[in-house]
Amino acid sequence: MRTPFRVRVPASSANLGSGFDTVGLGLALYNDYEVIDLLPQGEFSIDVVGEGSGELHDPEANLVVKSYLRACAEWGMPPQGLHLRSVNAIPLCRGLGSSAGAVVGGVLIANVLRKRPLAREELLPLMTSIEGHPDNVVPCCLGGMVVSCWDGKDLRHVRLQALPREIVTVVAVPEVRVSTSKAREALPEKVSLQDAVFNVGRVALFAASWATGRWEELPWAMDDRLHQQFRAKLFPGGETILEKVRLHRECLGVAISGSGPSVLAFVKGNPEAVASTMCRIFSDHGVRSRFFVLDVDDEGATVTALASEEA
Ligand code: HSE
């Protein structure tokens with residue numbers, strides 16, 4: 001494919017409570033990475049519009065560029081410079097997979113420039129090794145709800161059916177940021193056998209319920225003892241939201257989205273009622289927030305040729 005072209009990546013929500021580092025869902029909120037032109041090797045020019053504008057211009061720190069360079073190195077390809085324009089709708093450092101989107105975007109850009117591009121499935125191990133865990137990059141790349149297992153080298157994954165139309169995803173996004181590395185540092189190194197068994201049961205129930213459409217099991221299935229109790233303390237209102245939102249009649253389960261601080265709920269009924277409870281709790285704790293009512297993204301990342309006048 002010739003320039004200009006666009007790589008579009010969806011947001012994603014990892015863990016869904018019990019499925020720490022394993023379960024993730026693609027969400028219909030997108031970043032577009034437009035490759036306007038190829039530049040001489042080592043030259044990068046980055047324009048950013050939307051989320052992260054003003055802070056993602058440095059190629060040395062930009063994760064799309066870093067992931068692109070990593071893929072080029074992996075494949076022994078000379079790293080052609082890029083004029084890149086990012087049009088970002090995924091909030092940064094809020095647990096909605098913005099870094100996974102950048103990793104998937106960078107690797108897909110390199111893949112477009114390969115002599116023989118690889119299939120998306122073949123790119124997943126490289127994407128996962130850049131990100132360090134599979135539960136955002138795999139649903140970001142493939143779309144849908146995906147259960148993934150990664151042992152540092154090999155990846156296994158199974159995609160599950162989409163949500164029925166009457167169930168929507170509500171995500172409340174506070175203004176505060178939490179970096180994934182800080183949220184991982186907050187976790188204990190060891191867990192008790194009792195807590196491990198608790199989560200094994202819950203995440204198995206989650207996958208079985210999702211696969212068979214037993215949505216009424218989700219509130220139980222999303223319960224967790226491995227990470228949320230530690231992470232809910234890292235942002236104002238976290239503990240209260242997890243405790244209160246699940247009591248909503250229309251809520252089918254609530255969890256910290258990824259490593260936080262956004263919170264995600266599945267809702268059958270009126271999404272605004274659940275969203276306003278979440279945002280009110282954030283506001284009671286002195287934090288401004290916004291909410292999104294999102295469909296599941298079922299397509300994953302896409303690559304499209306652009307007409308020169310579109311770029
Ligand atoms: N599974 C990862 C974590 C997701 O919870 O740290 C980070 O987005």
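Any read-out appearing in this document is the output of simple, stated calculations on the displayed coordinates, not a laboratory observation. Bear in mind the structure is a predicted one, so any value in this text is a computation, not a measurement. All Cβ positions, glycine included, derive from the backbone under ideal geometry; neighbour counts span all protein chains shown.
Considering only 289, 99, 18, give the residue with the highest GNM mean-square fluctuation for the chain, with springs between Cα atoms whenever their separation is below 10 Å. Ranking 289, 99, 18 by mean-square fluctuation puts 289 first. Put +1 on the Cβ of every Lys and Arg and -1 on every Asp and Glu Cβ in the chain; which of 119, 90, 25 then has its Cα farthest towards the positive end of the dipole? Checked the options; the winner is 25. Counting only lysines at least 8 places from residue 115 when in the same chain, those with an alpha carbon closer than 21 Å to its own are 66. Projecting the Cα atoms of 142, 46, 258 onto the charge dipole of the chain (Cβ charges, centred on the Cα centre) puts 258 farthest toward the positive pole.
With a Förster radius of 45 Å, plug the Cβ-Cβ distance of residue 166 and residue 41 into 1/(1 + (r/R0)^6) and report the FRET value to the nearest 0.05. That gives a FRET efficiency of 0.30.
Over the chain, the Kirkwood radius and the radius of gyration, each from Cα atoms, give a ratio Rg/Rh of 0.98. Remark: spin-label model distance residue 229-residue 307 equals 5.9 nm, labels positioned 7 Å along the Cα→Cβ axis.
In terms of surrounding Cβ atoms within a 10 Å radius of their Cβ, 34, 51, 166 rank from fewest to most as 166, 51, 34.
Which of the trypsin sites (Lys or Arg not before Pro) across the range 1-55 are loop residues per DSSP, with 15 or fewer other Cβ within 10 Å?
Numbers: sites: 2, 6, 8; in loops: 2.
Listed in order of number, the matching sites are 2.
Modelled spin-label separation between residue 156 and residue 272, with each label point placed 7 Å from Cα along the Cα-to-Cβ direction: 4.6 nm. Of the trypsin sites (Lys or Arg not before Pro) found in the range 135-224, those in coil by DSSP whose Cβ has at most 12 other Cβ atoms within 10 Å are 153, 165, 190, 214. Around the amide H of residue 21, modelled in the peptide plane, lie the amide H atoms of 15, all under 5 Å away and 5 or more residues distant in sequence or on another chain.
If we count every other residue with Cβ under 14 angstrom of residue 147's Cβ, Lys/Arg +1 and Asp/Glu -1, where does the sum land? For residues surrounding residue 147, the net value is +1. How charged is the neighbourhood of residue 187? Take every other residue with its Cβ under 13 Å from the Cβ of residue 187, and add Lys/Arg as +1 and Asp/Glu as -1. Net of charged neighbours comes to +1.
Its Cα centre serving as origin, the chain has a Cβ charge dipole (Lys and Arg +1, Asp and Glu -1) of approximately 360 debye. Taking the number of Cβ atoms within 10 Å of each Cβ as an exposure proxy, the fewest-first ranking of 212, 3 is 212, 3.
Springs between Cα atoms under 10 Å define the GNM used for the chain, and in it the highest mean-square fluctuation of 249, 94, 290 occurs at 249.
Here each label is just a point 7 Å from Cα along the line to Cβ, and for residue 243 and residue 211 those points are 3.6 nm apart. Of the DSSP H helices in the chain, those that are both long (alpha-carbon extent of 24 Å or more along the helix axis) and hydrophobic (Kyte-Doolittle mean at least -0.5) are 193-212.
Among 68, 30, a tally of other beta-carbon atoms within 10 Å of each Cβ gives an order, fewest to most, of 30, 68.
Determine the gain in length on full extension of the stretch residue 121-residue 77; use 0.36 nm per residue of separation and subtract their C-alpha separation, reporting nm with one decimal.
Once the chain is fully extended between residue 121 and residue 77, it gains 13.8 nm.
Toward the positive end of the charge dipole of the chain, with +1 on the Cβ of Lys and Arg and -1 on the Cβ of Asp and Glu, the farthest Cα among 107, 61, 222 is that of 222.
Counting only residues at least eight positions apart within a chain, or on another chain, the lysines with an alpha carbon under 21 Å from that of residue 233 are 182, 190, 244. All Cα-Cα separations within the range 186-253 were binned at 5 Å from zero, giving a P(r) of 3, 16, 21, 21, 22, 12, 4, 0, each value a whole percent of the pairs. For the chain, modelled as a GNM whose springs connect Cα atoms under 10 angstrom apart, the maximal fluctuation among 238, 201, 76 occurs at 76.
Summing charges over neighbours of residue 128, with a neighbour being any other residue whose Cβ is under 15 Å away from its Cβ, gives -4 when K and R count +1 and D and E count -1. For the chain, the 222 nm mean residue ellipticity estimated from helices alone, with every DSSP H stretch of n ≥ 4 adding -39500 (n - 2.57) and the total spread over all residues, rounds to -10000 deg cm²/dmol. Evaluated with a Cβ-only charge set (Lys, Arg +1; Asp, Glu -1), the range 157-199 carries a dipole of roughly 160 debye about its Cα centre, given to the nearest 20.
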